[in-house]
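Colleague: Before anything else, here's the structure in question.
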Amino acid sequence: MPVETLRWTDNCLDIIDQRLLPAREERLLLRTAEEVYAAIRTLAVRGAPAIGVAAAYGVVLAAQEHCTTEHVRSSITRLRSTRPTAVNLFHALDRMESEIGAAFNAHDPVKVLLNTALEIHKEDDRICRALSKYGAELLSDGDTILTHCNAGGLATSGYGTALGVVYAAVEAGKHIRVYADETRPLLQGARLTAWELLKSGIDVTVICDSVAASVLRDGIIDHVIVGADRIAANGDFANKIGTYGLSVCAREHGVPFYVAAPLTSFDFSLASGTDIPIEERSASEIHTVFGSQAAPYDVSFYNPAFDITPASNISAIISEKGIAEPPFEPVLRRWHAEYVSSRNRHRS
């Protein structure tokens, strides 16, 4: 990635303000937990792994503001309320909360919490690079990829999941071309995916969401690769609205459909995708586009931010543990057991 999505510097969280891209590349310095809350809510920072990392730093900022367990726990509760679908947020906050006892028994509670947040940040980068190398094995020189929304460096600690697979393939010497759905209503594909691929020197073509079915039918696309905000135990997953329709079209036209996500995006407490909470966002994202009215204000609007794609539409799931093919659940549960065992060893 040609830019750091987020970094800890001078006792504050420094992020690129994704609301301004691609027109302006500016950074925000977040000095309080409340500022991190606002940045996540308003999508200044977005993408499941990235908001998990940002929230972890938000806990550190809370401890810097008022170094009491009550204030830190209260801030964690508030940060949990920012985005309901992306489970990485909750994994990161659970991990930070589990350190509160040790932190406040130590000489410097802020340092203990900061070390945990830095660890979460570094782990996300390592994990994204590992899963991307696995995913790159699925791609051949000359392939054209279709993706939806943004699952690149901007959505993670800096490397990406779905786009990380593309980066790893290019680093391995393969020529890869990407078609990026614009991704209505907030155009994360057109604004963010195209921006970072262009800066990375990767051939990218932006298409309207409604064009995706046609390019799949016409044989232009070799693989579809998307990220995930939450994956249930059976392989059903939530991703940006429009992903489900893309999976249906890919299956209809025989195009492999891959999901790339770290194990922090898995939620084994949920048996299937029907249990995943779906965030519904403001009608203003539909009726007002870049400051101009795009629809009558006095009609009804329905604006779910995510949809659920069933495991039956997925060709493979890519994680830092490798590549899972159907049936997914036995492999995913083995991955989960290995992940839990690894975390327990780390804590001990």
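Colleague: Here are Thr116, Thr68, Thr42, Thr32: which of them is under 23 Å from Glu280 (Cβ atoms) and among the β-branched types (Val, Ile, Thr)?
Modeller: Checking each option against the conditions leaves just Thr42.
Colleague: Quickly run through segment 294-326 and pick out the residues that are closer than 20 Å to Ala136 by Cα and either outside any loop (DSSP other than H, G, I, E, B) or aromatic (Phe, Trp, Tyr) (or both).
Modeller: Ala316, Ile317, Ile318, Ser319, Gly322, Ile323, Ala324
Colleague: Out of Gly242, Gly235, which single residue is surrounded by 24 or more Cβ atoms within 10 Å (Cβ to Cβ), touching a helix residue (DSSP H, G or I) at 6+ places or on another chain (Cβ under 7 Å) and of a type outside the set (A, V, I, L, M)?
Modeller: Just a single option satisfies the conditions, and that option is Gly235.
Colleague: Now for a different question. Please state which one of Glu329, Glu285 is assigned to a helix (DSSP H, G or I) and either touching a Gly at 6+ places or on another chain (Cβ under 8 Å) or crowded, with 17+ Cβ neighbours inside 10 Å (or both).
Modeller: Glu329
Colleague: Considering only residues that are more than 20 Å from Gly58 (Cα to Cα) and not in a loop (DSSP other than H, G, I, E, B), which ones fall in segment 95-141?
Modeller: Listed by number, the residues that qualify are Asn105, Arg126, Ile127, Cys128, Arg129, Ala130, Leu131, Ser132, Lys133, Tyr134, Gly135, Ala136.
Colleague: Return yes when Leu29 is touching a Cys at 6+ places or on another chain (Cβ under 9 Å) and either outside the structural domain of Lys240 (by TED's automatic domain parsing) or of a type outside the set (Val, Ile, Thr) (or both) and no when it is not.
Modeller: Answer is yes for this residue.
Colleague: Filter segment 20-34 down to residues that are surrounded by 17 or more Cβ atoms within 10 Å (Cβ to Cβ) and in contact (Cβ under 8 Å) with a residue 24 or more places away in the chain and give me whichever is farthest from Gly58 (Cα to Cα).
Modeller: Restricting to residues being surrounded by 17 or more Cβ atoms within 10 Å (Cβ to Cβ) and in contact (Cβ under 8 Å) with a residue 24 or more places away in the chain, the top hit is Leu21.
Colleague: Another question, then. Just the residues that are part of a helix (DSSP H, G or I) and in contact (Cβ under 8 Å) with a residue 40 or more places away in the chain, please, taken from segment 69-89.
Modeller: Correct list: Val72, Ser75, Arg78, Leu79, Val87, Asn88, Leu89.
Colleague: Oh, and also: Glu4 - would you say it is modelled with pLDDT under 95 and not basic (Lys, Arg)?
Modeller: yes
Colleague: Another question, then. How many residues are out of contact with any helix residue (DSSP H, G or I) (no Cβ under 7 Å at 6 or more places or on another chain) and within 21 Å of Cys249 (Cβ to Cβ) when one looks only at segment 302-313?
Modeller: Within segment 302-313, residues that are out of contact with any helix residue (DSSP H, G or I) (no Cβ under 7 Å at 6 or more places or on another chain) and within 21 Å of Cys249 (Cβ to Cβ) number 4.
The values are calculated or read from the model by the stated rules, or taken from the named source; none is laboratory data. Predicted, not measured: the structure shown is a model, and the values here were computed from it. For neighbour counting, all protein chains shown are included, and Cβ atoms are generated from backbone atoms with ideal geometry for every residue, glycine included.
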